[in-house]
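Asker: Attaching a single structure in structure tokens format; questions to follow.
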Amino acid sequence: MSGFDLTIFDCDGVLVDSEIIAARVESKLLNEAGYPISVEEMGERFAGMTWKDILLTIEKEIDIPLSASLLDKSEALLDQRLAREVKIIDGVVFALSRLKGPRCICSNSSSARLDMMLTKVGIKEFFASHIYSAKDLGPDRVKPKPDIFLHGAAQFGIAPNKAVVVEDSVHGVHAARAAGMRVIGFTGASHTYPSHADRLTDAGAETVISRMTDLPAVIAAMENWAGAI
């Protein structure tokens, strides 16, 4: 038996349907800057990455510096759009109401943005003060580095191998696996794409779900699986 003492959730694309909004904002800005990319490609290539890391990745690819103003411009536009448009992922309240034991959020989004989104969709109370942003840990400690997941487990005094993570991005799965945690992939948000489940599995997710209502049963089943990290 290998039970879990902690359930860790990513936020964007897992609890709130925000990744598609980010992809639309960022795709528009990149196209205007001369880098053609579709909303769908944004989701497939960059979901789970910070905007800063996306810009750095593209700069290396095209060997042309992108305007530094894009960084602040995107953040402001995205906060405005999220405040108006972000919605909860279907089935999240059902899942959170039925999961037992400690839980937390470990995200690359800023604390201010997390607070805004979770308050808007009405689920902040499910996590109390256990909402953690990788950006609060210091520079360059965001996913795919494992730091935020290790930080979340440490707040409860729980060993990493006793935590299960719910993630929608390849970068997030890599981070959770690097932290020594087991991972459930999620493909139920609007930014999903045809190879999404396969890519999460290849990255190290033990199983992938597309409906959040399936989460409690899947976690219960995984507690009986003998699969090793």
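Asker: Restricting the stretch 65-93 to residues that are open to solvent by 80 Å² or more (accessible area, probe 1.4 Å) and touching a residue at least 24 places away in the same chain (Cβ under 8 Å), which is farthest from Thr187 (Cα to Cα)?
Answerer: The qualifying residue farthest from Thr187 (Cα to Cα) is Lys73.
Asker: Taking the stated definitions as given, is Leu56 closer than 25 Å to Asp17 by Cβ and outside any loop (DSSP other than H, G, I, E, B)?
Answerer: In short, no.
Asker: Here's a follow-up. Report whether or not His130 is modelled with pLDDT of 95 or more, closer than 18 Å to Leu15 by Cα and not aliphatic (A, V, I, L, M).
Answerer: yes
Asker: Another question about this same structure. Just to be sure I understand the filter: pairs with C-beta atoms under 7 Å, separated by 6 or more residues or on different chains, first member in the stretch 35-53 and under 17 Å from Ala197 (Cα atoms), second member of a type in the set (D, E, K, R) and part of a helix (DSSP H, G or I). Which pairs pass?
Answerer: Taking only residues 6 or more apart or on different chains, the pairs are Met42/Glu26; Gly43/Glu19; Ala47/Glu19.
Asker: For Met1, only one of the following conditions fails: (1) within 30 Å of Asn161 (Cα to Cα); (2) at pLDDT 90 or above. What is its number?
Answerer: Answer for Met1: the failing condition is (2).
Asker: As an exercise: evaluate Ser169 against (1) under 21 Å from Arg45 (Cα atoms); (2) surrounded by fewer than 22 Cβ atoms within 10 Å (Cβ to Cβ) and give the number of the one condition it does not meet.
Answerer: Condition (2) is where Ser169 drops out.
Asker: Find the residue count for the stretch 209-220, including only residues that are open to solvent by 40 Å² or more (accessible area, probe 1.4 Å) and not hydroxyl-bearing (Ser, Thr, Tyr).
Answerer: The total comes to 4.
Asker: I'm trying to understand the selection: among the residues of the stretch 20-47, which are of a type outside the set (D, E, K, R), in a helix (DSSP H, G or I) and either open to solvent by 70 Å² or more (accessible area, probe 1.4 Å) or at pLDDT 90 or above (or both)?
Answerer: Residues satisfying the conditions are Ile20, Ile21, Ala22, Ala23, Val25, Ser27, Leu29, Leu30, Asn31, Val39, Met42.
Asker: Please find, among Thr119, Thr201, the residue that is open to solvent by 30 Å² or more (accessible area, probe 1.4 Å), assigned to a helix (DSSP H, G or I), within 21 Å of Met222 (Cα to Cα) and among the hydroxyl-bearing types (Ser, Thr, Tyr).
Answerer: Unique residue meeting the criteria: Thr201.
Asker: Within the stretch 180-198, count every residue that is surrounded by 18 or more Cβ atoms within 10 Å (Cβ to Cβ) and outside any loop (DSSP other than H, G, I, E, B).
Answerer: Matching residues across the stretch 180-198 total 7.
The values are calculated or read from the model by the stated rules, or taken from the named source; none is laboratory data. If you're wondering where the values come from, they're calculated on a predicted model, not measured in any experiment. Glycine also receives a Cβ, built like all others from the backbone with ideal geometry; neighbour counts cover every protein chain displayed. SASA here: full protein model, heavy atoms, side chains in, ligands and nucleic acids out. Shrake-Rupley method; radii C 1.70, N 1.55, O 1.52, S 1.80 Å.
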